[in-house]
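Novice: Mind looking over this structure? Questions follow.
The values are calculated or read from the model by the stated rules, or taken from the named source; none is laboratory data. Just so it is clear, the model here is predicted, and its values are computed rather than measured. Quick reminder, even Gly has a Cβ in these numbers, built from the backbone with ideal geometry, and neighbours come from all protein chains shown. Please note that ligands, DNA and RNA were not included when accessible areas were found on the heavy atoms of the full protein model with its side chains. Shrake-Rupley method; radii C 1.70, N 1.55, O 1.52, S 1.80 Å.
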Amino acid sequence: MELLSGADMIARFLQDEGVERIYGYPGGAALHIYDALFRQDKVKHILVRHEQAATHAADGYARASGKPGTVLVTSGPGATNAVTGIATAYMDSIPMVVLCGQVASHLIGEDAFQETDIVGVTRPIVKHSFAIKHPSEIPEVLKKAYYLAATGRPGPVVVDIPKDMTAPTERYEYVYPKKVKIRSYNPVTRGHSGQIKKAVDMMLKARRPVFYTGGGIVTSGASENLTALVKRLGFPITTTLMGIGSYPQTDAQSLGWLGMHGSYESNMAMHHADLIIAIGARFDDRVTNNTSKFCPTAKIVHVDIDPSSISKTVRADVPIVGPADSVINEMISLLQGREMANAEALPEWWTTIDGWRAEREGKLYEASQPGERLKPQEVIEAVYHITRGEAFVTTDVGQHQMFAAQYYKFDKPNRWITSGGLGTMGFGFPAAMGIKQNFPDDVVVCFTGEGSFQMMMQELSTCKQFGTGVKIINLNNGTLGMVRQWQDLNYKSRHAHSYVESLPDFQKLIEAYGFTALKVEHHDELDAALERTFADNDELVFLDIDVDPREHVYPMQVPLGAMRDMLLSKTERT
Amino acid sequence: MRHIISILLENEPGALSRVVGLFSQRNFNIETLNVAPTEDPSLSRLTVTTEGDDRVIEQITKHLNKLIDVVKLVDLTEGNHIERELMLVKVKALGASRDEVKRTVDIFRAQIVDVTPSVYTVQITGDAGKLDAFVQAMAPIGILEVARTGVSGISRGDKILSL
Ligand SMILES: Cc1ncc(C[n+]2csc(CCOP(=O)(O)OP(=O)(O)O)c2C)c(N)n1
Ligand SMILES: [Mg+2]
């Protein structure tokens, strides 16, 4: 029998759970835990420069690896700084465990120094939370936290740990719990066979089917199965912003992604479809536009692990609660030896879709000329080519994020890393840092904007400490571009506080941390700068590129319209 | 439509706040809420009455089920059920109205459980409609204070809500 203090139990548990790296920042209430981490060397601790960055870094790691990220912060301000990152993970269903120090039990409720009711503060943005009541329950509670974070519909779990629970003087028996049971939590392991059969029959009878798949495919690792199913049927597929990479985007059956800034052909295909097969997607408002005008002729099959996502905003005709992987598998086996009822319909549908594709081909944006400022779109395309489409790509939030989603093509899941649900500016850089530290051999690119980057740029210091070679591509339009776009469209170009005056000299700033920074002002300088940026995969390089500030992101769905109602450029509209 | 949802909830600190928080967070409406321990000390039973169309009620039950602390729940209004609420009311009981209060109490099969020279304290149980009717009947005489427990309920017959 092994006797350990609460703090040592935490360190030991993390080792036994196979956690390699945690992201954190110390403070009074967490110091026993930090001391326990100091006295071991299996679990590596990455000291960030702001707790929000710890959550984004752990989140980035989780999105790239499919495993839960781990965060350790102190009570009060440490914990509240982590809140934005917890909400970011929650909105995108990312598995994460956040260990928060708390003031000693006897002080709770007394407004003690650095006391915050973090369980209360985070209640609406966690999958679940725990407060440790006795040191002996630490192994079991931590196991439950990881189990909940990673299974079913994943999400962040907060564990509140009062300082006295980790006191070095009190020791209790430690056993690593291999398994835990939570009586009220039994995520479904397969979908209802009758419903799946019904869905398959509908697929075979469809004339204008579309797959619409989301982040659920990525988080559940169902991409391979999905690809097999879509190939088997020959249907078109569009994904959500979060589902990018769940099906190879360079494949002919891929229509790109859909929604507010989705591709013309995706939104048109959805609008005209007679069957939508939604898997691991949640029909959110950035996808559906006006739900009362949404896909008027379509029947809807909706597969999701979370029953509350089904028929939440758009009613499903065939709801299937179950994990994407097993449901898709069952669909594939039910399809064996069967054929489409209307063999001629699908080729006709493809002819229509190819017509939509052709309409927009070559008209997506106007390229810059030599000597001119670059267009943000062409920068993304150039980065796509130089990285051969194989990088991990993180983004911040704004126009650059949408351009990155549109012009970098992903053939694999877990490579496109963006804050979709919460849209958190500041996410991209720390997320890239978290990924690079765990996947040092891969190329990790962060597309950012001069607005977003300044929200988390202190992490340059962390990258310096840990030698983290991320590539930061700053699409510098000197403005809060997405805000400005909305102001152009809805407020007669009254640019209220969307202009970022007094930007720093990014080159000097980056150099102050000892890194290389390059500036690109014109079209002609891009290629050489990219060569230099990607020359050494271990080196952090910041590429500050002046891009055309007047550029808008198109297509853009018209507010309150149907899927097909889009602005296609500053002068064209569907 | 009005629904009565009965929930078996882990008897854990914070569990109740998750349920209540869910309602406010998602803009669901709570009309009454009643919570107490059950025969199993690890479980509380919580009953909530809420208003909403089928879509809203479906969302409420799905989201409640998603809470880790919710062990089981039933929408009692989907089947035959018994609904009860208890109310304590202080009414003015002076002069001629003393008798009238007494008569009304008898009609409603309520009980007077405390008496002073000027006040009767009445206890009444029943469904929410009956309690509302009693309040209406007493209003002209003078209600001084009302304390209602909120609705509690159980299915009729052999059907049970348990682990
Ligand atoms: C933390 C946070 N605050 C505010 C916003 C609202 N917002 C969305 S995009 C945007 C502008 C982003 O500017 P920049 O990073 O320069 O990107 P650009 O749109 O110019 O490419 C703002 C302010 C947000 N998404 N996140
Ligand atoms: Mg900008």
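Novice: Peptide A:306-313: average number of partner chain Cβ atoms within 10 Å per residue? Spell out each step's value before the answer.
Specialist: Numbers: counts 3, 7, 10, 2, 2, 4, 5, 1.
Mean partner shielding for this stretch: 4.
Novice: I'd like the accessible area for residue B:156, computed on protein heavy atoms only with a 1.4 Å probe and all protein chains in place. Round to 10 Å², please.
Specialist: 130 Å²
Novice: Can you list residues whose amide H is under 5 Å from residue B:120's amide H, if they're 5+ apart or on another chain and H is modeled 1.01 Å from N?
Specialist: B:91, B:93
Novice: Now for a separate question. In whole Hz, what ³J(HN,Hα) sequence does region B:78-93 give by Karplus (6.51, -1.76, 1.60; θ = phi - 60°), x for Gly and Pro?
Specialist: Karplus-based 3J(HN,Hα) across region B:78-93 equals 6, x, 5, 7, 10, 10, 9, 9, 10, 10, 10, 10, 9, 10, 5, 9 Hz.
Novice: Sort out for me the Cα centre separation of region B:51-125 from region B:1-45, rounded to whole Å.
Specialist: 17 Å
Novice: Using a cut-off of 12 Å between alpha-carbon atoms, which aspartates and glutamates can reach residue A:412, once sequence neighbours fewer than 8 places away in the same chain are excluded?
Specialist: A:224, A:251, A:390
Novice: Taking region A:418-545, how much of its Cα-Cα pair set, in percent, is spaced more than 23 angstrom apart? It would help to have the intermediate numbers written out before the result.
Specialist: Numbers: 2802 of 8128 pairs.
So the pairs more than 23 Å apart make up 34 percent of the total in region A:418-545.
Novice: Ok, one more. Which whole-number percent gives the relative contact order of chain A, counting Cα pairs below 8 Å spaced six or more residues apart?
Specialist: Values: 1297 pairs, mean separation 79.0, N = 574.
Once divided by the residue count of chain A, the mean separation gives 14 percent.
Novice: Can you tell me, using C-alpha contacts under 8 Å and at least 6 residues apart, the relative contact order of region A:245-352 as a whole percent?
Specialist: On the way: 115 pairs, mean separation 19.4, N = 108.
That works out to 18 percent.
Novice: Collect residues whose amide H, placed 1.01 Å from N in the peptide plane, falls under 5 Å from the amide H of residue A:477; neighbours closer than 5 in sequence don't count.
Specialist: Close amide H contacts, sequence-distant or interchain: A:450, A:547.
Novice: Which value, in nm² and rounded to one decimal, describes the direction-averaged projected area of the C-alpha convex hull of region A:348-409?
Specialist: Working: hull surface 23.1 nm².
Its Cα hull, projected and averaged over all orientations, spans 5.8 nm².
Novice: Still on this structure, I have one more. Ignoring ligands, DNA and RNA, how do A:107, A:560, A:364 rank by accessible area with a 1.4 Å probe, largest first?
Specialist: Values: A:107 60, A:560 130, A:364 95 Å².
Of A:107, A:560, A:364, the descending order of accessible area is A:560, A:364, A:107.
Novice: Related question: For residue A:172, what residues show an amide H to amide H distance below 5 Å, using hydrogens built from the backbone and excluding near sequence neighbours?
Specialist: Here A:4, A:5 satisfy the definition.
Novice: Rounded to whole Hz and in sequence order, give me ³J(HN,Hα) for region A:396-405 from the Karplus expression 6.51 cos²θ - 1.76 cosθ + 1.60, θ = phi - 60°, writing x for Gly and Pro.
Specialist: My calculation for region A:396-405 gives 8, 10, x, 4, 4, 5, 5, 4, 4, 5 Hz in order.
Novice: Using only Cα atoms, locate the centre of region A:1-15 and the centre of region A:183-250, then give the distance between them in Å, rounded to an integer.
Specialist: 42 Å
Novice: A further question follows. Could you tell me the total accessible area buried at the A-B interface, probe 1.4 Å, in square angstrom to the nearest hundred? Walk me through the numbers before you get to the answer.
Specialist: Details: alone 23170 and 9340 Å², together 30830 Å².
In total, this chain pair buries about 1700 Å².
Novice: Same structure again: Taking only the alpha carbons of region B:2-79, what extent do you get along each of the three principal axes, in Å, biggest first?
Specialist: Its Cα atoms span 34, 28, 20 Å along the three principal axes.
Novice: If one computes the Cα centroid of region A:282-338 and of region A:70-117, what distance in Å separates the two points?
Specialist: Rounded to whole Å, the Cα centres lie 35 Å apart.
Novice: Separate question: Sort A:486, A:257 from largest to smallest accessible area, using a 1.4 Å probe on the heavy atoms of the protein chains.
Specialist: Values: A:486 90, A:257 15 Å².
Result of the area sort, largest leading: A:486, A:257.
Novice: What trypsin sites (Lys or Arg not before Pro) does region A:6-106 have in DSSP loop regions with at most 16 other beta carbons within 10 Å? Numbers along the way, then the final one.
Specialist: Numbers: sites: A:12, A:21, A:39, A:42, A:44, A:49, A:63; in loops: A:39, A:42, A:49.
Listed in order of number, the matching sites are A:39, A:42.
Novice: Which values of log₁₀ I(q)/I(0), to two decimal places, follow from the Debye formula for region A:414-482 at q = 0.13, 0.24, 0.28 Å⁻¹ with a uniform point scatterer at every Cα?
Specialist: Debye intensities relative to I(0), on a log10 scale: -0.35, -1.11, -1.37.
Novice: Run the quick spin-label model on residue A:369 and residue B:26: label points 7 Å from Cα toward the beta carbon, then report their separation in nm to one decimal.
Specialist: That separation, rounded to one decimal, is 5.7 nm.
Novice: Order A:299, B:66 by their accessible area, 1.4 angstrom probe, all chains in place, largest first. Show your work: numbers first, answer last.
Specialist: Values: A:299 110, B:66 80 Å².
Putting A:299, B:66 in descending order of accessible area: A:299, B:66.
Novice: Mind checking B:69-75 for the average number of partner chain beta-carbons within 10 Å of each residue's beta-carbon?
Specialist: On the way: counts 4, 2, 4, 2, 0, 0, 0.
Partner Cβ neighbours, averaged per residue: 2.
Novice: Where the convex hull is taken over the Cα atoms of the protein assembly as shown, what is its projected area averaged over directions, in nm²?
Specialist: On the way: hull surface 156.8 nm².
Mean orientational projected area (the protein assembly as shown, Cα hull): 39.2 nm².
Novice: Project the alpha carbons of region A:3-173 onto their principal axes and report the range along each, largest first, in whole Å.
Specialist: Per principal axis, max minus min of the Cα coordinates gives 39, 34, 30 Å.
Novice: Something else: What net charge do the residues around residue A:190 carry, taking every other residue with its C-beta under 10 Å from that of residue A:190, with Lys and Arg at +1 and Asp and Glu at -1?
Specialist: Numbers: positive: none; negative: A:325, A:330.
Result for the neighbourhood of residue A:190: -2.
Novice: Let me ask something additional. If you take each beta carbon of peptide B:59-67 and count the beta carbons of other chains within 10 angstrom, what is the mean? Don't jump to the answer; show the numbers that get you there.
Specialist: Numbers: counts 4, 1, 2, 8, 4, 1, 3, 9, 4.
For peptide B:59-67, the averaged partner shielding equals 4.
Novice: Within the P(r) computed for region A:128-175, what percentage of the Cα pairs occupies the region above 15 Å? Walk me through the numbers before you get to the answer.
Specialist: Details: 520 of 1128 pairs.
Considering region A:128-175, 46 percent of its Cα-Cα pairs are separated by more than 15 Å.
Novice: In whole Hz, what ³J(HN,Hα) sequence does region A:307-316 give by Karplus (6.51, -1.76, 1.60; θ = phi - 60°), x for Gly and Pro?
Specialist: Per residue, the Karplus-derived 3J(HN,Hα) values read x, 6, 7, 8, 6, 6, 10, 10, 6, 8 Hz.
Novice: Using the Cα centre as the reference, give the magnitude of the dipole from point charges on the C-beta atoms of region A:193-360 (Lys, Arg: +1; Asp, Glu: -1; all else neutral), rounded to the nearest 20 debye. Before the final figure, lay out the partial values.
Specialist: Numbers: 16 positive and 17 negative charges, 58 e Å.
About 280 debye.
Novice: Taking the alpha-carbon set of chain B, what are its Rg and Dmax in Å?
Specialist: Both quantities, over Cα of chain B: 18.4, 56 Å.
Novice: In region B:60-163, what is the count of Lys pairs whose alpha carbons are under 24 Å apart, counting only pairs at least 8 residues apart or on separate chains?
Specialist: So the count of such lysine pairs works out to 9.
Novice: Oh, and also: Under a cut-off of 14 Å between alpha-carbon atoms, report the aspartates and glutamates in cross-link reach of residue A:570, not counting same-chain residues fewer than 8 places apart.
Specialist: List returned: A:366, A:488, A:551.
Novice: Would you compute, from DSSP H runs of 4+ residues alone, the mean residue ellipticity of chain A at 222 nm, taking -39500 (n - 2.57) per run and dividing by the full residue count, rounded to the nearest 500? List each step's numbers first, then the result.
Specialist: Working: 22 runs with 203 residues, N = 574.
Result for chain A: -10000 deg cm²/dmol, rounded to the nearest 500.
Novice: From the cross-link list A:42/A:181; A:44/A:436; A:163/A:464; A:205/A:409, which pairs have alpha carbons spaced over 24 Å apart? Present the calculation step by step, with values, prior to reporting the outcome.
Specialist: Working: A:42/A:181 27 Å; A:44/A:436 14 Å; A:163/A:464 31 Å; A:205/A:409 32 Å.
Table pairs above 24 Å Cα-Cα are A:42/A:181; A:163/A:464; A:205/A:409.
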